[in-house]
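The values are calculated or read from the model by the stated rules, or taken from the named source; none is laboratory data. Just so it is clear, the model here is predicted, and its values are computed rather than measured. Cβ: placed from backbone, ideal geometry, glycine included. Neighbour counts: every protein chain shown. When the accessible area is computed, the model is the full protein with side chains, heavy atoms only, and any ligands, DNA or RNA have been set aside. Shrake-Rupley method; radii C 1.70, N 1.55, O 1.52, S 1.80 Å.
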Amino acid sequence: MSTIFSKIIKGEIPCNKVLEDDEFLAFHDINPRAPIHILVIPKVEYKNFQSVDPAIMEKMTKFIHRVATHMGLDKSGYRLIANNGENAGQEVLHLHFHMLGGAKLTWPNVTNLDEAKKFI
Ligand code: AMP
């Protein structure tokens, strides 16, 4: 399946790039939910976190650390989110991590706290 992120990787659609290496790309989200909102993707397509080869995650973790250091988020802190599947509201079916920072973020982000407590 080809997604908008595949087109960004191929250079068919532009992005506001933060960092890139042979295997990963980080770019600014087009619709930021925080002062800093970066998406990190592998160049190989995985639908989402649940279907990723765990071996990729070791390298991806190192790349995310590099992005954080590059942006100063390693010191100020950031939130790392991977929306996975329908209930998480995943829109783009190419694994991506959201890195959110640049300000104190509110928490939690579930829709209904009473609903959430049913699962404790
Ligand atoms: P998700 O809901 O986790 O699938 O998030 C998809 C994210 O991709 C959203 O935050 C969108 O704003 C972002 N997005 C979609 N298209 C683009 C694009 N062309 N460039 C940058 N970010 C994008």
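Collect the residues in the range 66-115 that are touching a residue at least 40 places away in the same chain (Cβ under 8 Å) and in a helix (DSSP H, G or I), keeping them in residue-number order.
Arg66, Val67, His70, Met71
For Asp21, all conditions in the list (1) surrounded by fewer than 18 Cβ atoms within 10 Å (Cβ to Cβ); (2) over 23 Å from Gly101 (Cα atoms) hold save one; what is the number of the exception?
Single failed check for Asp21: (2).
In the range 40-57, which residue that is in contact with a Phe, Trp or Tyr (Cβ under 6 Å, 6 or more places away or on another chain) and under 17 Å from Val67 (Cβ atoms) is farthest from the ligand (Cβ to nearest atom)?
Pro42
Which residues, counting only those in the range 75-120, are surrounded by 15 or more Cβ atoms within 10 Å (Cβ to Cβ) and either small (Gly, Ala, Ser) or over 13 Å from the mean Cα position of the chain (by Cα) (or both)?
Once the filter is applied, which keeps residues that are surrounded by 15 or more Cβ atoms within 10 Å (Cβ to Cβ) and either small (Gly, Ala, Ser) or over 13 Å from the mean Cα position of the chain (by Cα) (or both), the range 75-120 yields Ala82, Gly101, Gly102.
Picking from Ile9, Ile13, which residue would you name as being in a helix (DSSP H, G or I), within 15 Å of the ligand (Cβ to nearest atom), open to solvent by 30 Å² or more (accessible area, probe 1.4 Å) and without any contact (Cβ under 8 Å) to a residue 60 or more places away in the chain?
That would be Ile9, the only listed residue that is in a helix (DSSP H, G or I), within 15 Å of the ligand (Cβ to nearest atom), open to solvent by 30 Å² or more (accessible area, probe 1.4 Å) and without any contact (Cβ under 8 Å) to a residue 60 or more places away in the chain.
Scan Val67, Val40, Val52 and give me the residue that is modelled with pLDDT of 95 or more, among the β-branched types (Val, Ile, Thr) and farther than 29 Å from Thr111 by Cα.
Going through Val67, Val40, Val52 in turn, just one is modelled with pLDDT of 95 or more, among the β-branched types (Val, Ile, Thr) and farther than 29 Å from Thr111 by Cα: Val67.
Specify the residue that is nearest to the ligand (Cβ to nearest atom); the eligible residues are those in the range 16-38 that are touching a helix residue (DSSP H, G or I) at 6+ places or on another chain (Cβ under 8 Å) and of a type in the set (Val, Ile, Thr).
So, considering only residues that are touching a helix residue (DSSP H, G or I) at 6+ places or on another chain (Cβ under 8 Å) and of a type in the set (Val, Ile, Thr), the one nearest to the ligand (Cβ to nearest atom) is Ile38.
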